[in-house]
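The values are calculated or read from the model by the stated rules, or taken from the named source; none is laboratory data. What you see is a predicted model; the values in this text were computed from it and never measured. Every residue, glycine as well, gets a Cβ built from its backbone with ideal geometry; the counts of neighbours run over all protein chains shown. Surface areas here come from the heavy atoms of the whole protein model, side chains and all, with no ligands, DNA or RNA. Shrake-Rupley method; radii C 1.70, N 1.55, O 1.52, S 1.80 Å.
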Amino acid sequence: MAQNRFATEIYLDLNDKRKIPALGLGTIPSGDPKGVKDQVIAAVEAGYRHLDTAWYYGSEKCIGEALKELSAKGVKREDLFITTKVWPSFYHSPEKSLDKSLHDLGTDYVDLLLQHWPVCLRGGEDGTPTEPKDKDGNLVYDDDPVTGEKFIDVYNAIEDIKLHTNKVKSVGVSNYSIPKLKQLLPKVKKFVPAVNQIEYHPQLPQKDLTDFCDEHGILVEAYSPVGGPGAPVLKLPYVNELAEKYDVSPNEVVNAYHILENRSVIPRSSKLERIQTNIRLPKLTKEELRTLYQIGVVKPTRYTNDPWGYGLGFRYWKGDTLSKNFD
Ligand code: NDP
């Protein structure tokens, strides 16, 4: 069998002529964010060059500490690709949100700034509360999640940061469905999103959305590649069969599912050894990629179920009764 390559060596093209390392490290903390510092150091020392974070995750200070230590060891900032995001409750001030992220990360630019969700939640000046609720426990929006268009202004403001400052290299979106992209694309000022970061794994079919992104030159990034906590995707018998065939871990099969199809992937783990060893790229065949995809077609499962995802027009969103407005 052909030798496995390393996923850390693969770079994918963005629509603005820049490149993104195909394998990134996710940085949502499991528990205390302090652990993220060692995770980042372990990842970069193992060859990762791409870090995915967000103001919302609360781990950017710890990533900043890791970057300082890595810099002292000779890792250059320009060799890393760092993504951060603007959370919906900070929608009114994307540049302020970015400035906070830059401050905590200890860098003067990010490689990619994403709009975290196409939703506007009522946060205060400092972006908190991040999940504003009324007395009945319902989310408080500043625009209708189904029919509102304010989310487009937020993306336009993110474009402005790229146009008028040196604080971001590329701009993009996250959690955009086809209906939301259709609303946005005619209204972009100058930059079609370079990336759409979405939940994607063998249990969640996303062909229509990825085809739409391909047609418009938007790279798809896969989050929750093993399905998040509990790693349900790693329990699939076919994933384990392929892991055995290629003599890699099930995590590496799941990464290859994306990278071989031109998608970036951002797994996370609190276990340093898992991060360090999750880097080989088994050369799955087209047929094997198709078989993995079919698992989700037969039984689609989405693991993200955040209330701010309701009404955004995603398929297979459990309990979403608002999105029928898009039919
Ligand atoms: P992942 O799919 O990467 O799953 C991580 C979980 O899987 C952890 O709990 C980890 O546990 C567990 N896991 C991994 N490997 C194994 C294994 N071999 N055996 C048992 N358990 C395992 O989840 P995320 O949802 O966190 O997604 C990854 C990244 O994507 C995030 O960190 C974030 O950067 C990004 N993201 C973006 C979102 C967005 O809205 N744009 C939403 C969600 C995520 P352990 O720690 O024990 O290894």
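Yes/no per residue for (1) surrounded by fewer than 21 Cβ atoms within 10 Å (Cβ to Cβ); (2) among the small types (Gly, Ala, Ser):
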site	(1), (2)
PHE191	yes, no
ALA194	no, yes
ASP208	yes, no
ASP214	yes, no
ILE218	no, no
SER249	yes, yes
Practice item. List every residue pair whose Cβ atoms sit under 9 Å apart, with the two residues 6 or more apart in sequence or on different chains, where the first one lies in the range 10-31 and is free of Cβ contacts under 8 Å to residues at least 12 places away in the same chain and closer than 18 Å to VAL265 by Cβ and the second, anywhere, is assigned to a loop (DSSP other than H, G, I, E, B) and among the hydrophobic types (A, V, I, L, M, F, W, C). Key: TYR11/ALA22
Revision key, fill the gap. Picked from the range 185-199 (must be farther than 18 Å from VAL110 by Cβ and within 16 Å of the ligand (Cβ to nearest atom)), the residue farthest from the chain's Cα centre (by Cα) is GLU199
Check your understanding: Does any residue of the range 256-275 turn out to be more than 8 Å from the ligand (Cβ to nearest atom), surrounded by fewer than 21 Cβ atoms within 10 Å (Cβ to Cβ), without any contact (Cβ under 8 Å) to a residue 60 or more places away in the chain and assigned to a helix (DSSP H, G or I)?
Key -> yes
Practice item. Could you grab the pairs with beta carbons closer than 6 Å, sequence gap of 6+ or different chains, first residue in the range 290-310 and free of Cβ contacts under 8 Å to residues at least 40 places away in the same chain, second one not aromatic (Phe, Trp, Tyr)? Key: ASN305/LYS318
Check your understanding: Restricting the search to the range 132-184, which residues are hydrophobic (A, V, I, L, M, F, W, C) and over 22 Å from the mean Cα position of the chain (by Cα)?
Key -> LEU139, VAL140, VAL146, LEU163
Exercise for review: May I ask you to say which residue of LEU163, LEU204, LEU112 is open to solvent by 60 Å² or more (accessible area, probe 1.4 Å), modelled with pLDDT of 95 or more, in contact with a Lys or Arg (Cβ under 8 Å, 6 or more places away or on another chain) and not basic (Lys, Arg)?
Suggested key: LEU163
Revision key, fill the gap. When every residue in the range 44-62 that is among the hydroxyl-bearing types (Ser, Thr, Tyr) and either in contact (Cβ under 8 Å) with a residue 40 or more places away in the chain or under 9 Å from GLN276 (Cα atoms) (or both) is compared, the one surrounded by the most Cβ atoms within 10 Å (Cβ to Cβ) is THR53
Practice item. Mind telling me which of the residues VAL248, VAL233 ends up being in contact with a helix residue (DSSP H, G or I) (Cβ under 7 Å, 6 or more places away or on another chain) and at pLDDT 95 or above? Key: VAL233
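Yes or no, residue by residue, for (1) touching a residue at least 40 places away in the same chain (Cβ under 8 Å); (2) away from the ligand (no atom under 16 Å from the Cβ):
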{"site": "TYR141", "(1), (2)": "no, yes"}
{"site": "VAL146", "(1), (2)": "yes, yes"}
{"site": "GLU149", "(1), (2)": "no, yes"}
{"site": "HIS164", "(1), (2)": "no, yes"}
{"site": "GLY172", "(1), (2)": "yes, no"}
